[in-house]
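A.B. asks: Have a look at the structure that comes next, please.
The values are calculated or read from the model by the stated rules, or taken from the named source; none is laboratory data. On a predicted model such as this, the values are computed, not experimentally measured, just so you know. No Cβ is skipped: glycine too gets one built from the backbone with ideal geometry, and neighbour counts run over all protein chains shown. Quick note on the areas: whole protein, heavy atoms, side chains included, nothing else; ligands and nucleic acids left out. Shrake-Rupley method; radii C 1.70, N 1.55, O 1.52, S 1.80 Å.
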Amino acid sequence: KFLALDGFAALISVPIWVYLGYFFAYRIDCVIHQIRNYEFVFIIALILLFVLFVLFKIYRKRRSK
């Protein structure tokens with residue numbers, strides 16, 4: 001059963017990754033440029049998510065007391 005499900009998952013995921021690799025291989029410079037453009041926004045979003053997570057944990061801890 002495991003091998004059948006794993007094989008089915010491989011039939012779906014492997015062609016997708018191969019196609020994405022083929023598609024972006026010729027556009028790698030553009031992809032790197034776009035990542036550098038939005039790097040600051042991504043870092044700020046991660047920091048904001050972390051702060052919200054910590055605040056949520058503090059809120060739940062105080063609420064349970």
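A.B. asks: Counting Lys and Arg as +1 and Asp and Glu as -1, each charge on the Cβ, what is the dipole of the chain about the Cα centre in debye, to the nearest 20?
C.D. replies: It works out to roughly 820 debye.
A.B. asks: Go through the chain and name the chymotrypsin sites (Phe, Trp or Tyr not before Pro) that are in a DSSP coil and have 16 or fewer other Cβ atoms within 10 Å of their Cβ.
C.D. replies: Those satisfying the criteria are Y26.
A.B. asks: What part of the accessible area of the chain, given as a whole %, is carbon or sulfur when the probe is 1.4 angstrom?
C.D. replies: Details: 4910 of 6700 Å².
On the chain, the fraction of accessible area on carbon and sulfur atoms equals 73 percent.
A.B. asks: For the residue pair R63 and Y19, what label-to-label distance in nm results when each label sits 7 Å from Cα along the Cα-to-beta-carbon direction?
C.D. replies: 4.2
A.B. asks: Quick check: residue separation of L5 and D29 times 0.36 nm, minus the Cα distance between them. What number comes out in nm? Walk me through the intermediate numbers first.
C.D. replies: Values: separation 24, 0.36 × 24 = 8.64 nm, distance 3.68 nm.
Full-extension gain reported as 5.0 nm.
A.B. asks: Please express the shape of the chain as an equivalent ellipsoid: the semi-axes are the square roots of 5 times the eigenvalues of the C-alpha gyration tensor, given largest first in whole angstrom.
C.D. replies: 37, 27, 4
A.B. asks: May I ask you to give the solvent-accessible area per residue for the chain, in square angstrom, as obtained with a 1.4 angstrom probe?
C.D. replies: Spelled out: the 1.4 Å probe surface of the chain, per residue, equals 103 Å².
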